[in-house]
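*Asks:* Have a look at the structure that comes next, please.
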Amino acid sequence: MKQLVTLLLLAMILLVMGCTKQVTEPQEQAETVSEAPGTDASSAPGAQAQTVVAEAKSAEWVANRLLEISNHYFEQLEEAQTYDLPYEDFRKNLRSHMTDHFMDLEQLEEFYKVRTGLTAMYLFYYEPGALEARTKILEQTSDRIVVQNMGFANELNSGYYEISTLINSEGKWLLDERQREEIPKEGFQLSIEEATTYMKQFPRFENPVTSVQYVGTKTMENTPGEFGRFYQFDCEGTTYYISSVDGYVMKAI
C-alpha cells in the first residue's frame, strides 16, 4: 500500500513539472524572438537604439552624397548628349544614384529630349557652399533620410528651402524625391560664419576673402531699390555683398 501511495505521489510530481516546463518554454522562446535582430515593433528598445546608431549618417555625409548625385547626373548628361545616346541608356546610367520614381517625378525624359543647357541644370542643382553652410537632417531611419538645405536667390529664382529624400536600396543611398519650400518672411537669417562658408566657394570669386563685415541696408549704384541686411566681403580689391535674408550675391561696381 505504501509503495502504491509513493508511486502515485511521484507520478503527480512528474506531471506538475511537465506542465510547468510546457508553460515556461514558450515564454523563453518568445523572449528570444523579440530580441532577435532585424525586428521592428517587436524589437527590444536597447536593440533598436543600437540599430539606429549603427545606421546614422551625419549632415556632412548627406551633403556630400547629394553633391555626388548631382555631379554624376551632369557627367552622364554631358556624355549622353555628346554621343547622342537614347534616353533609356541615359536613364540606366543614373540608376546607381537615383530611383526610377525620382526620374519619373522630375520628368527627366522630357528635359533630356526637348530641353538643353541651363534649363535642365536647375532640375536639382546643389551648390557646394550652400550645402556646407547649412544642411539639416529632418528625418532619419535605416532606410530613409529627409534633409533640408538652402537654395540661394539669383537672377532666375528667389530663395527657397530644398527638401530632399534619400532611400537605402541594397546599401546604396539613392535620391528619391525633391521638394521646394518658400523661405519664411525673415529669410534664412544667415550667420556671418555661414555666409563666409558659402562665399569661400562662390563660383565667381576671383580673389581670396581678406575681410568680412556686416553693413546692413545697401543702396547699390545702377541697381534700383534698397537691399537689406548684407554682409560685405572684401577680396583684394573686389567687393561682394551677400544678403543674410535670401543669400543673393552682388558685386560692387
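*Asks:* If each residue's Cβ is checked for other Cβ atoms within 10 Å, how do I242, I253, I192, I167 rank with the fewest at the top?
*Replies:* Final ranking by Cβ density, sparse to dense: I253, I192, I167, I242.
*Asks:* What does the extension gain come out to for D104 and Y161, with contour length at 0.36 nm per residue minus their alpha carbon separation?
*Replies:* Length gained between D104 and Y161: 18.3 nm.
*Asks:* A further question follows. Once the Cα atoms of segment 59-182 are picked out, what are the Rg and Dmax in Å?
*Replies:* In Å, with Rg to one decimal and Dmax whole: 14.3, 40.
*Asks:* Oh, and also: Between K251 and S58, take the C-beta separation as r, use R0 = 45 Å, and let me know the FRET efficiency to the nearest 0.05.
*Replies:* Result of the calculation: an efficiency of 0.85.
*Asks:* Provide R229, R180 in ascending order of the number of other Cβ atoms located within 10 Å of each residue's Cβ, fewest first.
*Replies:* Least crowded to most crowded, the residues run R180, R229.
*Asks:* Using 0.36 nm times the number of residues separating E139 and R180, minus their current alpha carbon distance, what extension gain do you get?
*Replies:* Gain on extension, E139 to R180, equals 13.1 nm.
*Asks:* Would you mind calculating the gained length between D234 and D89 on full extension (0.36 nm times residue separation, minus the Cα-Cα distance), in nm to one decimal?
*Replies:* Here the segment from D234 to D89 would lengthen by 47.5 nm.
*Asks:* Something else about it: Give me L105, L174, L156 sorted ascending by neighbouring Cβ count inside 10 Å, so fewest comes first.
*Replies:* Lowest to highest Cβ neighbour count: L156, L105, L174.
A short reminder: the numbers here are calculations on the coordinates, not readings from a lab. Given the structure is predicted, the values throughout are model-derived calculations rather than measurements. Ideal geometry is used to build each Cβ from the backbone, glycine not excepted, and the neighbour counts take in all protein chains shown.
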